[in-house]
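**Student:** There's a structure below that I have some questions on.
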Amino acid sequence: MEYVEGDPKFVRRIMDAGGGTLKKCFQCATCSVVCPLSPDENPFPRKEMIWAQWGLKEKLMADSDVWLCHQCNDCSSYCPRGAKPGEVLGALRNIQISQYSFPGFLAQAFTTPRYIWAIYALPILLLAAYFSIFGFHIPEGEVHFSHFIPHQHVELAGMIMGGYIGIAILVGLYRFWTAMGGHEIRAKEKSEFVDVGTQVKGGFIPSLIATIIEILTHNRFGKCGESKYRYFAHLGIFYGFILIFIGTNIAFAYLLMGRELNLPLTDPAKIFGNIGFILLFGGASWVIYERVVKRDTIGIGGYFDWLFLGTLWLVAFSGIVLEALRFANSIAAYWIYLVHLVVVFVLLAYAPYSKFAHLAYRTIAMTYAKYSGKDTEKTQL
């Protein structure tokens, strides 16, 4: 006999994080049956709905299955009670990020709207400090952002920010892996416990490679039924970021070669970057539209989701407007440039604490599921 004690405060936390329909669930198991991603031997989300209603925090905080859910919303659409299990699992993912983030106090700013002012105040204060040191001056003549803020300064700030993001994400992932039991995982086809990284069939490295391939192809999103748009919208967002990253690195290489970055539209850096911003804008707009029009059937999401979606949309939109104003040689380009820097900072610098961290946590959770043998294909409904 196992004695378990629920936490009513944790139940309320789930509901506040976007799982407000949790208590409508009456455990009919329709969600697990209709889900195209739920495996036969370890199905979700029914067990997560039970644990959430009981407030079993420890079980849910170590549960990798919430990340196998890609919020296709088949479960929410077919739920006879309108409990929206997809929204509940989305809330649990957000809480897990908050639970394991480093440092933890920063993650709290993403759990409630009352801290949004602080989130945006930090990059504004950093810009104010920068201009107090180097002076503020709007250049005359042809628009050159390097005459306003030298590109070298932006790249240096980006490298410092990237180093911090990497450390914070790795600490969070280590905490999550440990919580899932990553130091003692029973390997497939093995009866003894093996160490993380042991090269066995179904081991860590093969599992990680298989997970990366799945993420690159988005094949799980492709299995979604009710929210098929997520496959295309997420592809746009995902590969939009990749193209922008490629373009940014080409521009950085130009800087190292001493080239001016006031580049024409035909330059490879601009081609990659502009296509990336268009894909990013299209994907983010599509997700926002679908969430609004289908809010009654699949749910609209919580603050955590909308802070990320809104910031993502602003980054893409301001980037496109910025490019247009630069080629129009409008002085307004400098002011939009400042707005763009602020929203890019919010999107990237806070990545370990926002929904942006989904990519990292989903990768490690899917790897764990494959490595431990929990992730098997559903054979029948």
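We did not get these values from a lab; they are worked out from the coordinates using the rules stated. Quantities reported herein were computed from a predicted structural model and do not represent experimental measurements. With ideal geometry, Cβ positions are generated from the backbone for all residues, glycine too; neighbour counts draw on all protein chains shown.
**Student:** What is the list of residues in the stretch 131-173 whose amide nitrogen lies under 11 Å from a point 7 angstrom out from the Cα of Leu256, following Cα to Cβ?
**Tutor:** Under cut-off, by backbone N: nothing.
**Student:** In addition: Select from Ser64, Asn249, Phe232 the residue farthest towards the positive end of the dipole of the chain; place +1 on Cβ of Lys and Arg, -1 on Cβ of Asp and Glu, and compute about the Cα centre.
**Tutor:** Ranked along the dipole, the leading option is Ser64.
**Student:** Return, in residue-number order, each cysteine of the chain whose C-beta is not under 4.7 Å from any other cysteine's C-beta.
**Tutor:** Unpaired cysteines in the chain: Cys25, Cys28, Cys35, Cys69, Cys79.
**Student:** OK, next. State to the nearest 20 debye the size of the charge dipole of the chain about its Cα centre, where the only charges are +1 on K and R beta carbons and -1 on D and E beta carbons.
**Tutor:** About 780 debye.
**Student:** While we're looking at this one, here's another question. What length, rounded to one decimal in nm, is gained on full extension from Ile275 through to Gln152, with 0.36 nm per residue of separation minus their alpha-carbon distance?
**Tutor:** 41.9 nm
**Student:** Which percent of Cα pairs goes in each bin when the distances of the chain are cut into 20 angstrom slices starting at zero?
**Tutor:** Taking every Cα pair in the chain, the percentages come to 26, 54, 19, 1.
**Student:** While we're on this one: Taking θ as phi - 60°, what are the ³J(HN,Hα) couplings along the stretch 100-105 by the Karplus curve (6.51, -1.76, 1.60), each to the nearest whole Hz, with x for Gly and Pro?
**Tutor:** 9, 5, 10, x, x, 5
**Student:** Do the alpha carbons of any pairs in Lys228/Lys270; Lys23/Lys370; Lys84/Lys294 sit beyond 22 Å of each other, and which pairs?
**Tutor:** Beyond 22 Å: Lys228/Lys270; Lys23/Lys370.
**Student:** Taking one equal scatterer on every alpha-carbon of the stretch 232-290, how large is log10 of I(q)/I(0) by Debye at q = 0.14, 0.19, 0.23 1/Å?
**Tutor:** For the stretch 232-290 at q = 0.14, 0.19, 0.23 Å⁻¹, log10 I(q)/I(0) is -0.41, -0.64, -0.80.
**Student:** Nearest 500 deg cm²/dmol is fine: what mean residue ellipticity at 222 nm does the chain get from its DSSP H runs of n ≥ 4 alone, each adding -39,500 (n - 2.57), divided by its residue count?
**Tutor:** Per the formula, -20000 deg cm²/dmol.
**Student:** Each residue of the stretch 162-178 in turn: what ³J(HN,Hα) in whole Hz from Karplus with 6.51, -1.76, 1.60 and θ = phi - 60°, glycine and Pro shown as x?
**Tutor:** x, x, 5, 4, x, 5, 4, 5, 5, 5, x, 5, 4, 4, 5, 4, 5
**Student:** Karplus couplings for the stretch 256-270 from phi (6.51 cos²θ - 1.76 cosθ + 1.60, θ = phi - 60°), rounded to Hz, Gly and Pro as x?
**Tutor:** 4, 8, x, 7, 6, 9, 7, 8, x, 5, 7, 6, x, 4, 6
**Student:** Now, a different point. Let me understand the stretch 8-101 better: what is its radius of gyration from the alpha carbons, and its Dmax, in angstrom?
**Tutor:** For the stretch 8-101, the Cα-based Rg and Dmax read 11.8, 36 Å.
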